[in-house]
Amino acid sequence: MIALYILPAYIVANLYVCIWLIRWIKDMCGGRLPIAAQVIIHILYWPLPLAMYVAILVPEGDLRRILNVAGTYWYGVLIYILLTIGILDLIRVIIRKKKKIPKGEPTLSKKGFRIVGAVSLAFLVFIAVWGGIQARTLYNTEYEIDVNKSAGNNMESLDVCLVSDIHMGYSVGVDHISDMVNMINAYNPDLVVLAGDIFDNNYDALEDPDKLIDLYKSIKSKYGVYAVYGNHDIDEKILGGFTFTSDEKPVADERMDKFLEDAGVVNLRDEGLVIDNAFYLYGRPDYTKLGSGVEERKTPEAITANVDKSMPILVIDHQPREFQELADAGVDVDFSGHTHGGQLFPLNLTGAIIWENPSGLYKKDNMYSIVTSGVGFYGPGVRIGTKAEVVNVKINFTGK
């Protein structure tokens, strides 16, 4: 019940921000602010912070969508508000101690306090606008790699489009998916792979399933579109990116399976196939949430045990893990997502602590790991220091 456990901390954090806002407005007004005015500020402030929680009580529909979009957006902005105020508070404490300012006396003059508040507000408005735009703007990322194997049918190269962490739901809808499909089709790829988290837990949150299916069906690819499920491609209640725990094994909503089937997407559940007698493609279930039909995830050694390893072996695995094991098993390219590249600064700088390859192109022995920062976003509806992307990979087969 993490989603509910964070509620008290979330309320306290917003109260802290609101108090500082009132304090700054009060100072801007000459040090006096009527109680009625302070009440009005609270009334105007709290609808955004509470939007996600109010949405739970609202039936599915446009209002619920609006509340979720607004709530998750504020959730992302709040992180930077707290960071800014926290840093300013820390600086204030340091100045007070260094200058030995007596208790009760202000650290800054009224003019200084107003200037710092105005600059901070302008900075946060910029972050809020820029972060929201970045979350909904797609970029191209391109890689070219050499695999020292020969593909069948005299195939010299393979053009692959990789997308992941689409998170279709309340915040990611038709317009965003349309942009994604257009960017994929501009490459006219040989193969398209969806590396998990296609949905954002709740199928009912989809804006227009029929329209979305039509968009996926319009993807142009010589060998088709292949996918694996991620840890969010399950029927599980979620709030602000945090899930409600359950004793039951989390599995995909049957409508998610039907969606992919109708969209012409081949969903690989711990299974592989040879494509055009040229290369091998294997799709792995999510590392933490296996989903329906899978009781135990096959090891890297097992998935290549009965494969001609002289052929190129491509793997789709939502979470970028087990690199050494995959490389030892003869895998040539591992396509992943999950990390979002950190999504929010400074998490994008700390990803390497958790992940061997938090984002981008990485080589482990003879295997390439390609991790995308994703098309959509998780929880907070902003991106700072990272980009939403469609990845294009040209694989040259250089073996003789």
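Considering only DSSP beta bridges with both partners in the chain, what is the antiparallel share in %, to the nearest 5?
Details: 18 of 52 bridges.
Given both bridge residues lie in the chain, the antiparallel proportion sits at roughly 35 percent.
May I ask you to list the chymotrypsin sites (Phe, Trp or Tyr not before Pro) in the range 348-384 that are in a DSSP loop and have at most 12 other Cβ atoms within 10 Å of their Cβ? Display every interim value, and only then the final one.
Numbers: sites: TRP355, TYR362, TYR368, PHE377, TYR378; in loops: TRP355, PHE377, TYR378.
Filter output for the range 348-384: empty list.
Just the accessible area per residue of the chain, please: how many Å² with a 1.4 Å probe?
Working: 19250 Å² over 400 residues.
So the chain comes to 48 Å² accessible per residue, rounded to a whole number.
Sorted by packing (mean other beta-carbon atoms within 10 Å per residue), highest first, where do 391-400, 287-296 land? Mind showing how you got there, number by number?
Details: 391-400: 17.8, 287-296: 15.5.
Most protected by this proxy first, the peptides run 391-400, 287-296.
Note the full-extension length gain between ASP89 and VAL266 as 0.36 nm times their separation in residues minus their Cα-Cα distance, in nm to one decimal.
Numbers: separation 177, 0.36 × 177 = 63.72 nm, distance 5.28 nm.
Full extension of this stretch gives 58.4 nm more.
Please give the residues of the range 145-189, grouped as numeric ranges, whose backbone N is less than 15 Å from a label point set 7 Å along the Cα-to-Cβ vector of LYS309.
148-150
For the range 334-400, evaluate the Debye formula with one uniform point scatterer on each Cα (no solvent term) and list log10 I(q)/I(0) at q = 0.13, 0.23 Å⁻¹, rounded to two decimals.
So the normalised log intensities are -0.39, -0.98.
What's log10 of I(q)/I(0) for the range 233-367 at q = 0.20 Å⁻¹, Debye sum over Cα points only, no solvent?
These q points yield log10 I(q)/I(0) values of -1.31.
Rg and Dmax in Å for the range 92-149, alpha carbons only: what are they?
23.1, 73
Considering Cα pairs under 8 angstrom that are at least six residues apart, work out the relative contact order of the chain and quote it in whole percent.
Details: 783 pairs, mean separation 87.9, N = 400.
Result for the chain is 22 percent.
Show me the ranking of peptides 160-167, 183-190 by mean Cβ neighbours inside 10 Å, starting with the highest. Could the numbers behind the result be given before it?
Working: 160-167: 26.8, 183-190: 17.8.
Descending mean neighbour count gives 160-167, 183-190.
Sorted by mean Cβ packing within 10 Å, highest first, what order do the peptides 134-143, 274-283 take?
Details: 134-143: 15.7, 274-283: 19.9.
Answer by packing, highest mean first, reads 274-283, 134-143.
Could you please state how large a percent of the accessible area of the chain is carbon and sulfur, counting protein chains only and using a 1.4 Å probe?
Taking all protein chains in place, the chain shows 59 percent carbon and sulfur surface.
Just need the Rg to Rh number for the range 143-182, please, alpha carbons only, Kirkwood Rh. Write out the running numbers ahead of the final one.
Working: Rg = 16.1 Å, Rh = 13.3 Å.
Result for the range 143-182 is an Rg/Rh of 1.21.
Work out the length of the dipole vector of the range 251-304 about its Cα centre, built from +1 on the beta-carbon of each Lys and Arg and -1 on the beta-carbon of each Asp and Glu, and round it to the nearest 20 debye.
140 debye
When the scattering of the range 109-246 is computed by the Debye formula from its Cα atoms alone, each counted once and equally, what is log10 I(q)/I(0) at q = 0.09, 0.11, 0.22 Å⁻¹?
After summing over all Cα pairs, the log10 values are -0.43, -0.58, -1.37.
P(r) tail for the range 1-58, what percent of Cα pairs lie past 18 Å?
Cα-Cα pairs of the range 1-58 separated by over 18 Å account for 43 percent.
Counting only Cα atoms, I'd like the Rg/Rh figure for the range 286-335, Kirkwood definition for Rh.
Details: Rg = 11.1 Å, Rh = 11.6 Å.
We get a ratio of 0.96 for the range 286-335.
Along the Cα→Cβ direction, 7 angstrom out, place labels at LEU138 and GLU295. What is the inter-label distance in nm?
4.0 nm
Counting pairwise Cα distances across the range 167-212, what percent come out greater than 17 angstrom? Mind dumping the intermediate values first?
Working: 384 of 1035 pairs.
Tail fraction, whole percent: 37.
Report, in debye and to the nearest 20, how large the dipole of the chain comes out about its Cα centre when Lys and Arg carry +1 and Asp and Glu carry -1 on their Cβ. Walk me through the numbers before you get to the answer.
Working: 38 positive and 48 negative charges, 683 e Å.
Here the chain has a charge dipole of around 3280 debye.
Counting every Cα pair in the chain, what percent are over 26 Å apart?
Details: 46014 of 79800 pairs.
So the pairs more than 26 Å apart make up 58 percent of the total in the chain.
Hey, which lysines would be in cross-link range of LYS100, C-alpha to C-alpha under 21 Å, not counting anything within fewer than 8 residues on its own chain?
Partners found: LYS110, LYS111.
The values are calculated or read from the model by the stated rules, or taken from the named source; none is laboratory data. All values reported here derive from a predicted model rather than from experimental measurement. A quick note on method: Cβ atoms are made from the backbone with ideal geometry, for glycine too, and the neighbour counts reach across all protein chains shown. In case anyone asks, the SASA skips ligands and DNA or RNA and just uses the protein heavy atoms, side chains included. Shrake-Rupley method; radii C 1.70, N 1.55, O 1.52, S 1.80 Å.
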